[in-house]
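K.L.:
First the structure, which I've put down as structure tokens, then a few questions once you've had a look.
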């Protein structure tokens, strides 16, 4: 198994949907995610990411095995039954090593009390875990919530699509978040997630100046409503980074990290941002932290580690990680070409560079953009994202070895 962290480590397994209606899965999943988020805001805890907890969804779980697989000492499991406007929630805190129940509770409430129940579960877990987990953070942990249960319902439905992270799923998530906002124009988390969708879509190459201005508006609204949301700061940081406002962007990335060091997805994006800002050794350490918080992480983490490895001079590791990440859009080929080039694998470097230039030119033709005069112009847009000249040079150097003539 994995070595245990030096602070109380915990994973919240997906709460079972006891409603007898598979349509209600999104609701029990949403409750689980809310509890994970609330716990992750305590710096004194080590909390496994939702993505990895959900590997155990719908399976009969051997608790010892789950604890060992995720590398944690404590597990939370529970169930949700929703009938009309009543909910019943059960929750147990378990010592994964022994299988002993340390705490268990059942709540029968009306649906309007859902947030109180989540707070009670979170606070009971935190109070029961060993060590003095500072109370001050509980205050910070309170989220700015909605009074409108239908809006909350749309948020949870949106989250179901948000976590699938494909182009079409993100568009569906956006539609549902927009509905939540229609019902409650002060729903901070819905604005935050809406902006995050735009950020993720842009990362896939669906971006334009208009998108950025739109995202900026949305995320500023989210932050005006709740300045403690780490995803809002992350999205703002990326929006500023893509506009080359490096110092402002850096401030937002730092704020993101200060608010939540347990949110693995957030940290993986933050690590990539740090690569562009030239904080490359920190980026390398952060993405490795994220991988430990999220042992079943998506492939994108390998790309971030590959990037961080490249810009800290670990070229063989960069090749290995970028390849492990698999295909994820056109820049993958340019990044791999540079890494192969620096690692002295010139034949493979040339092949990747060729794939990149052909695909990139085709992409520009299809979008009606003018054809760049030189291959160098094909990568200018990406080069400008690096704050430090030394990193731009390192990227170019790898690409020249791969066949970039400039």
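K.L.:
Here is a list of conditions, (1) modelled with pLDDT of 95 or more; (2) in contact with a helix residue (DSSP H, G or I) (Cβ under 6 Å, 6 or more places away or on another chain); (3) more than 21 Å from residue 287 (Cα to Cα); (4) assigned to a helix (DSSP H, G or I), and residue 403 meets all of them except one; can you say which number that is?
P.N.:
Only one criterion is unmet by residue 403, namely (4).
K.L.:
Also: More than 28 Å from residue 246 (Cα to Cα) and either surrounded by 17 or more Cβ atoms within 10 Å (Cβ to Cβ) or touching a helix residue (DSSP H, G or I) at 6+ places or on another chain (Cβ under 6 Å) (or both), is that true of residue 348? I'd like the intermediate steps shown before the answer.
P.N.:
Working: more than 28 Å from residue 246 (Cα to Cα): yes; either surrounded by 17 or more Cβ atoms within 10 Å (Cβ to Cβ) or touching a helix residue (DSSP H, G or I) at 6+ places or on another chain (Cβ under 6 Å) (or both): yes.
For residue 348, the condition - more than 28 Å from residue 246 (Cα to Cα) and either surrounded by 17 or more Cβ atoms within 10 Å (Cβ to Cβ) or touching a helix residue (DSSP H, G or I) at 6+ places or on another chain (Cβ under 6 Å) (or both) - is met.
K.L.:
With the checklist (1) out of contact with any helix residue (DSSP H, G or I) (no Cβ under 9 Å at 6 or more places or on another chain); (2) modelled with pLDDT under 90; (3) over 25 Å from residue 261 (Cβ atoms) in hand, flag the one item residue 116 doesn't pass.
P.N.:
In the conditions (1) out of contact with any helix residue (DSSP H, G or I) (no Cβ under 9 Å at 6 or more places or on another chain); (2) modelled with pLDDT under 90; (3) over 25 Å from residue 261 (Cβ atoms), residue 116 misses (2) alone.
K.L.:
Among the residues of region 171-214, count how many are in contact (Cβ under 8 Å) with a residue 40 or more places away in the chain and closer than 29 Å to residue 360 by Cα.
P.N.:
Going through region 171-214 one residue at a time, the tally reaches 5.
K.L.:
Among the candidates 223, 194, which residue alone is in the same structural domain as residue 385 (by TED's automatic domain parsing), surrounded by fewer than 22 Cβ atoms within 10 Å (Cβ to Cβ) and either touching a strand residue (DSSP E or B) at 6+ places or on another chain (Cβ under 8 Å) or within 20 Å of residue 263 (Cβ to Cβ) (or both)?
P.N.:
After applying the criteria, what remains is 223.
K.L.:
Just need a number here: residues in region 36-49 that are touching a helix residue (DSSP H, G or I) at 6+ places or on another chain (Cβ under 7 Å), closer than 23 Å to residue 101 by Cβ and at pLDDT 90 or above.
P.N.:
So the count comes out to 6.
K.L.:
Confirm whether residue 216 is assigned to a helix (DSSP H, G or I), modelled with pLDDT under 95 and assigned by TED's automatic domain parsing to the domain that holds residue 299.
P.N.:
Details: assigned to a helix (DSSP H, G or I): yes; modelled with pLDDT under 95: yes; assigned by TED's automatic domain parsing to the domain that holds residue 299: yes.
Against the criterion (assigned to a helix (DSSP H, G or I), modelled with pLDDT under 95 and assigned by TED's automatic domain parsing to the domain that holds residue 299), residue 216 qualifies.
K.L.:
In addition: Might you check whether a residue that is under 19 Å from the mean Cα position of the chain (by Cα), modelled with pLDDT of 95 or more and buried (at least 23 other Cβ atoms within 10 Å of the Cβ) occurs anywhere in region 156-175?
P.N.:
So far as region 156-175 goes, yes, one or more of its residues are under 19 Å from the mean Cα position of the chain (by Cα), modelled with pLDDT of 95 or more and buried (at least 23 other Cβ atoms within 10 Å of the Cβ).
K.L.:
Looking at (1) closer than 30 Å to residue 149 by Cα; (2) free of Cβ contacts under 8 Å to residues at least 12 places away in the same chain; (3) in a helix (DSSP H, G or I), which is the one condition that is false for residue 223?
P.N.:
(2)
The values are calculated or read from the model by the stated rules, or taken from the named source; none is laboratory data. Computed from a predicted model, the values in this text were never measured in an experiment. Please note: Cβ atoms are built from the backbone with ideal geometry, for glycine as well, and neighbour counts cover all protein chains shown.
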